Amino acid sequence: MTVFCGIDWAERHHDIALVDEAGTLLAKARITDDAAGYHQLLNLLAEHGDSPEDPILVAIETSHGLLVASLRTGSRRVFAINPLAAAARYRDRHGVSGKKSDPGDALVLANILRTDMHARRPLPADSELAQAITVLARAQQDAVWARQQVANQVRSLLREYYPAALLAFQGKQGGLTRADARVILTLAPTPVKAAKLALAQLRTALKRSGRLRGCDTEAERLRNIFRAEYAHQLLAVENAFGHQLLALLKQLDAVCQAADGLAEAATAAFHQHTDSEILLSFPGLGPMLGARVLAELGDDRARFTDARALKSYAGSAPITRASGKKRFVGRRFVKNNRLINAGFLWAFAALTASPGANAHYRRRREHGDWHAAAQRHLLNRFLGQLHHCLKTRQLFDEQRAFAPMALPLEASSAQT
């Protein structure tokens, strides 16, 4: 007898439902979100035939957490069901009253698995190292986004009372997130204090930020900017803005250090993975960006049946809506946002690292694509090549990947 398990996940407790292949409810329970509750669930599954050789399939509303980690031990397949896209719609198929309960949702999840398992994909069987890279790469990406958010707040604040700081650092790579910018703004949080800084103080601050060369020239440039004539707020108001800036700089320092530390940990773990050599062979992919791509793809080779599935998951493949004589081809909105974000950075970096990628991008622009569409088309091509390389364990080959792109436009059109 085949048994299916549905789990309605909550923060403090979880409802369990077990059904057989005919949809008969075999057991139901409510467990706590702790080790005792997890043991209770595993014992309940064992009572209904769960074994290492033939584990019971489980449907749950989330893909992460300690409960999911406990269920994924061994060879058990766990299916993460979106509660809005699946469970709520399935509930409407069997009743119009609108009633809802946690035990009822657990039963719905079990029945979804019983009737529609062919349309569901289990969580990927990634290795322990790949899961660790996923945690580190996503945390680093979140830290980078948080860093930019705080930097935008600092920029908006400086526009209110401190235009000299924007002129001094905004045009440089890294902008206000640079170490020298953070050190000098902490030393002089107001325009009045900045104008009083001597060359020796500026040189010391630059060296303290880690700068090794050109300190004298940079210090002279900063002093000239800070001592130029600008409009000022009232002195008390300016000092108040300075206190606010110091508070934001503490947040910016913390998130910059977090992003740098997580980047080191993620790249170190990435280099330990066997797929890192293949990923780094692609133009535009460095250790950190490669770690982000690996984090979203995982190393379960059975996860994507073909390159088309990978492209759809990333959101680079277009979607077609056709009805009668109407046909529309557009970009996907339901996708892995982290992967498409890393993919755009990858495609942009590849324009200078790969002649074939640059030629492909230029052809798409000449074809009428906008910048984002041309980048997405290039990423779509890269993902197909990456899927092939990972399957066959081959490194990227520029000549084979973009052989048609090396030909002139007329010759390429004639061949096709």
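The values are calculated or read from the model by the stated rules, or taken from the named source; none is laboratory data. Everything numeric in this text was worked out from a predicted model, so none of it was measured. We place every Cβ from the backbone using ideal geometry, glycine too, and count neighbours over all the protein chains shown. Just the protein is used for accessible areas: all its heavy atoms, side chains included, with ligands, DNA and RNA removed. Shrake-Rupley method; radii C 1.70, N 1.55, O 1.52, S 1.80 Å.
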Examine region 335-358 for a residue that is farther than 21 Å from LEU289 by Cβ and either surrounded by fewer than 21 Cβ atoms within 10 Å (Cβ to Cβ) or in contact with a helix residue (DSSP H, G or I) (Cβ under 6 Å, 6 or more places away or on another chain) (or both), and state whether such a residue exists. no
I want to confirm something. Restricting to region 14-49 and keeping residues that are in a strand (DSSP E or B) and without any contact (Cβ under 8 Å) to a residue 40 or more places away in the chain, which single residue is least open to solvent (accessible area, probe 1.4 Å)? ILE31
Within region 154-213, track down each residue that is over 15 Å from ASP253 (Cα atoms), in contact (Cβ under 8 Å) with a residue 40 or more places away in the chain and aliphatic (A, V, I, L, M). LEU157, LEU158, ALA164, LEU167, ALA168, VAL192
May I ask you to verify whether ALA130 is touching an Asp or Glu at 6+ places or on another chain (Cβ under 6 Å) and either more than 16 Å from THR190 (Cα to Cα) or exposed (fewer than 15 other Cβ atoms within 10 Å of the Cβ) (or both)? yes
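Limited to region 206-250, what total is found for residues that are under 16 Å from TYR162 (Cα atoms), hydroxyl-bearing (Ser, Thr, Tyr) and open to solvent by less than 30 Å² (accessible area, probe 1.4 Å)?
0
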When region 251-275 is examined, which residues are found to be open to solvent by 50 Å² or more (accessible area, probe 1.4 Å) and not in a helix (DSSP H, G or I)? THR274
Can you pull out the residues in region 51-75 that are in contact (Cβ under 8 Å) with a residue 24 or more places away in the chain and among the charged types (D, E, K, R)? GLU61, ARG72
Hey, can you tell me all the residues within region 295-332 that are hydrophobic (A, V, I, L, M, F, W, C) and touching a Lys or Arg at 6+ places or on another chain (Cβ under 7 Å)? ALA295, ALA314, ALA317, ILE319, PHE328
Would you please list the contacts, defined by Cβ atoms under 9 Å and residues six or more apart or on different chains, that run from a residue in region 112-125 that is farther than 21 Å from THR73 by Cα to a residue that is surrounded by fewer than 14 Cβ atoms within 10 Å (Cβ to Cβ)? ARG114/THR2; ARG114/GLU21; ARG114/ALA22; ARG114/GLY23; THR115/GLY23
